[in-house]
Amino acid sequence: MRGIPVLVWICLDAVAAAQPSWLPPEVEEGAARQLAARVAEIGVGSSDESRLAGARQLVSRVRDRLESWGEKGTLDRAPGFPELKLPDAGPPALDAMARYQTCNMILMIQLQDPELADDADAKMTSVTGLTAFTLAVVYLRRPFLAAGGDDDAIEAFLTSETMESVLGRIQNEPGVREHVEGQCTPPLMALVEP
């Protein structure tokens, strides 16, 4: 699934059905380990232990933040992109997942941007943002499933041709990229700031 850290989604798929929580411990740990690995890839942190400890703190903080917002607050904080026509997903939870996923698209582009190769702050924002927005998508999975949706519908929509065309516009149109960055910054700060 483009932009959704694969380890988190695989772990979620494997254990979520048997768990009462939206974020089972195995998935939470998987998200932290994936974040720690990305932090190591960008050369931040002094040791694997310190990176993992910091990643666990961030994942815990984002989990707590999403739970404090609840479903309505998480839906309401999804970016709107008034200058970018996103496909209509139908159910509100899936629509919000697509909007958070659009933020993951821009963060993945930033992470791979050679012009930002030496910008440690931009890289760190990208890796922490990818984790935070992925957790928002995972959080909204439960109400979507409760309303009769399924994981296949999530994957089909988030990887659809129309979402791919959104990614193409973000990659190829500087004005669209700037708009998406601006719309994604407030929810990202709200998710990760202490």
Among the residues of the stretch 153-191, what is the count of those that are more than 16 Å from L94 (Cβ to Cβ), of a type in the set (V, I, T) and surrounded by 19 or more Cβ atoms within 10 Å (Cβ to Cβ)? 2
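Would you check if G70 is surrounded by fewer than 18 Cβ atoms within 10 Å (Cβ to Cβ), in a helix (DSSP H, G or I) and at positive phi?
Numbers: surrounded by fewer than 18 Cβ atoms within 10 Å (Cβ to Cβ): yes; in a helix (DSSP H, G or I): yes; at positive phi: yes.
Yes.
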What are the pairs, 6+ residues apart or on separate chains, where a residue within the stretch 183-194 that is in contact (Cβ under 8 Å) with a residue 24 or more places away in the chain has its Cβ under 6 Å from a residue that is polar (S, T, N, Q) and buried (at least 17 other Cβ atoms within 10 Å of the Cβ)? V192/T128
Could you list, ordered by first residue, the pairs with Cβ atoms under 7 Å in which the first is in the stretch 69-96 and touching a residue at least 12 places away in the same chain (Cβ under 8 Å) and more than 21 Å from L188 (Cβ to Cβ) and the second is aliphatic (A, V, I, L, M) and surrounded by fewer than 18 Cβ atoms within 10 Å (Cβ to Cβ), at least 6 apart or interchain? P91/A147
Only one of L140, L145 is in a helix (DSSP H, G or I) and under 24 Å from Q34 (Cα atoms). Can you tell me which? L140
The one condition in (1) surrounded by 13 or more Cβ atoms within 10 Å (Cβ to Cβ); (2) under 29 Å from S160 (Cα atoms); (3) at pLDDT below 95; (4) not β-branched (V, I, T) that G90 fails to fulfil: (1)
Filter the stretch 156-182 down to the residues that are in contact (Cβ under 8 Å) with a residue 40 or more places away in the chain and either polar (S, T, N, Q) or within 22 Å of A32 (Cα to Cα) (or both) and list them by number. T159, S160, T162, Q171
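I'd like the residue in the stretch 46-67 that is among the polar types (S, T, N, Q) and either in contact with a strand residue (DSSP E or B) (Cβ under 8 Å, 6 or more places away or on another chain) or more than 18 Å from Y139 (Cα to Cα) (or both) and, out of all such residues, is surrounded by the most Cβ atoms within 10 Å (Cβ to Cβ).
Our first condition is that a residue be among the polar types (S, T, N, Q); within the stretch 46-67, this holds for 46-47, 50, 57, 60.
Next, only the ones that are either in contact with a strand residue (DSSP E or B) (Cβ under 8 Å, 6 or more places away or on another chain) or more than 18 Å from Y139 (Cα to Cα) (or both) stay: 46-47, 50.
On the way: S46: 7, S47: 9, S50: 13.
Ranking the qualifying residues of the stretch 46-67, first place goes to S50.
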List pairs: first in the stretch 47-61 and in a helix (DSSP H, G or I), second among the polar types (S, T, N, Q), Cβ under 7 Å, 6+ apart or cross-chain? L58/T128; L58/T131; V59/T131
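The values are calculated or read from the model by the stated rules, or taken from the named source; none is laboratory data. In this text, all values refer to a predicted model and were calculated from it rather than measured experimentally. Because the Cβ atoms are built from the backbone with ideal geometry, glycine has one as well, and the counts that use them run over all protein chains shown.
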